[in-house]
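Colleague: Have a look at this one.
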Amino acid sequence: MRQNSVAAIALAALLLTPAATRALDETKYPDLKGQWVRVGNPNWAPPGAPRPPLTPEYQAVFDANRADMAAGGPGDVPSWYCLPQGMPMMMNIYDPMEIVVTPEITYILISHVNDSYRRIYTDGRGWPAEGEYVLTYAGYSIGKWIDQDGDGRYDMLEVETRLLKNPRTYDASGIPFHKDGKTVVKEQISLDKADNNILHDKITVFDNALTRPWTITKKAARNPKPRPLWRTEACAEDNSMVRIGNDAYYLSAEGQLMPTKKNQPPPDLRYFKQSGEKRP
Amino acid sequence: MKLAALLVSGALAVTSGAALAHHSFAMFDQDNPIELEGTVHEFKFTSPHSFILLRVKDQDGSVTVWNLEAGSPTALSREGWTAKTLKAGDEVRLTVEPLRSGAPGGAWNVNKIKYKDGGPIAVTH
């Protein structure tokens with residue numbers, strides 16, 4: 001009778017415990033702790049890789065971005081003026097990544113351009129209704145843990161991300177997304193079966209600028225240092241590039257504006273008093 | 001090769017400036033690089049990118065300070081660079097991909113810089 005009372009009290013306590021305070025049963029999840037460092041080229045279409053499956057309209061946008069770079073411009077890659085890279089570009093893992101798993105949310109933390117993070121909700125929720133979300137560069141992610149081999153331990157996190165804010169590109173080469181903002185990103189995140197210090201992120205993008213879904217697998221290696229160095233990257237700290245309107249300028253060593261393109265005119269100085277002129 | 005060695009050597013990450021950026025290094029003239037020789041005015045090991053401010057003596061004897069950009073501290077540290085790898089007064093020679101406008105700015109990478117006497121830059125591997 002006394003044992004039943006103790007068990008009943010313990011069960012009641014468990015049921016009354018808010019979901020957020022449940023501890024993670026680490027035996028059920030893959031070990032994703034530590035610092036993850038990118039392996040390989042971060043670009044989605046580096047030399048030798050298949051070309052992006054863009055529609056003719058958006059191939060023209062990409063070509064224009066490349067032409068702008070060839071002329072000295074930044075090619076409409078929004079992070080050049082310190083906008084967050086968002087999804088999926090942040091999963092190019094330009095700077096090291098940390099993954100924090102809790103029962104209800106998995107957090108992905110990366111400091112690149114700015115301190116950026118993702119929340120992947122694994123609490124069984126559905127997509128939010130109008131008024132229950134705002135668009136963000138990282139998007140709204142819902143995930144589901146999968147036990148592929150039935151051994152009682154999850155080995156894959158399937159994620160879908162929607163509700164993304166524009167502008168974004170896939171990488172620094174300027175591959176564009178459709179301006180309708182209806183990108184959907186699906187991922188399968190898992191440890192390598194032969195080496196659990198290698199992480200794979202199979203990313204598939206659905207976007208109206210594409211002729212078909214586009215899949216690529218990103219890879220990261222776990223830093224073996226037990227206490228790795230975590231840098232913070234603040235783009236605005238010492239960005240050499242300056243945006244005025246839609247034009248890019250480059251700072252000189254002394255902090256003055258310089259042109260990036262041949263024959264680029266100076267910015268409009270109509271609100272500055274020029275020598276010998278009266279202010280309007 | 002052990003994982004740790006791969007990470008330290010940078011072999012696991014492409015360190016080309018074109019691939020590691022919040023902007024593309026394709027905006028610099030990669031087809032027409034130039035050689036610069038000068039004195040380090042300041043080495044900025046900062047975000048988002050590291051910079052060498054290089055005092056270069058022009059042919060007429062005047063001095064121009066070039067603003068030269070490389071990868072982030074994360075990228076450079078993989079090659080053994082630290083905030084103390086270069087200091088004001090160091091004399092260096094480097095290959096630069098210049099701004100297409102001709103203004104005194106451009107991009108460099110750790111594989112294309114040496115001391116003026118030809119010696120390699122001392123890193124901490």
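Colleague: Name the chymotrypsin sites (Phe, Trp or Tyr not before Pro) in region A:199-280 that are in a loop by DSSP and that have at most 10 other C-beta atoms within 10 Å, would you?
Modeller: The qualifying sites are A:Tyr271, A:Phe272.
Colleague: Evaluate the distance, in nm, between pseudo-label points positioned 7 Å from the Cα of B:Glu37 and of A:Arg66 along their respective Cα→Cβ axes.
Modeller: 3.8 nm
Colleague: So, one more: If Lys and Arg each add +1 and Asp and Glu each add -1, what is the summed charge of the other residues whose beta carbon sits under 12 Å from the beta carbon of A:Thr183?
Modeller: So the environment of A:Thr183 carries a net charge of +3.
Colleague: Quote the Stokes-Einstein diffusion coefficient, in whole µm² s⁻¹, for the protein assembly as shown, based on the Kirkwood radius over alpha carbon pairs, a temperature of 4 °C and a viscosity of 1.567 mPa s.
Modeller: Answer from the Stokes-Einstein relation: 55 µm²/s.
Colleague: Tell me, how many Å apart are the Cα centres for region A:66-112 and for region A:202-280?
Modeller: Distance between centres, Cα-based: 12 Å.
Colleague: Lys and Arg at +1, Asp and Glu at -1: add these up for the other residues within a Cβ distance under 15 Å of A:Leu54 and post the number.
Modeller: Within the 15 Å Cβ shell, the charges total -1.
Colleague: Within 10 Å of each candidate Cβ there may be at most 15 other Cβ atoms; applying that plus a DSSP loop requirement, which chymotrypsin sites (Phe, Trp or Tyr not before Pro) in region A:101-181 survive?
Modeller: A:Tyr133
Colleague: When a/c is below 1.5 the answer is rounded, else prolate if a/b is larger than b/c, else oblate, so apply that to region A:178-280 with a ≥ b ≥ c taken from the square roots of the Cα gyration tensor eigenvalues.
Modeller: Cα axes put region A:178-280 in the oblate bin.
Colleague: Let me ask something else about it. Expressed as a whole number of Å, what is the distance separating the alpha-carbon centroids of region B:66-125 and region A:134-164?
Modeller: 41 Å
Colleague: Counting other C-beta atoms within 10 Å, and keeping those with at most 12, which DSSP coil trypsin sites (Lys or Arg not before Pro) do you find in region B:20-125?
Modeller: Hits after loop and neighbour filter: B:Lys84, B:Lys87, B:Lys116.
Colleague: Can you give the angle from 0 to 90° between the axis of helix A:2-16 and the longest principal axis of chain A, with both taken from C-alpha atoms, to the nearest 10?
Modeller: Here the helix axis deviates by roughly 20 degrees.
Every number in this text was worked out from the coordinates using simple rules, so none of it is lab data. From a predicted model like this one, the values you see are computed outputs, not experimental measurements. Backbone-built Cβ (ideal geometry, glycine too); neighbour counts: all protein chains shown.
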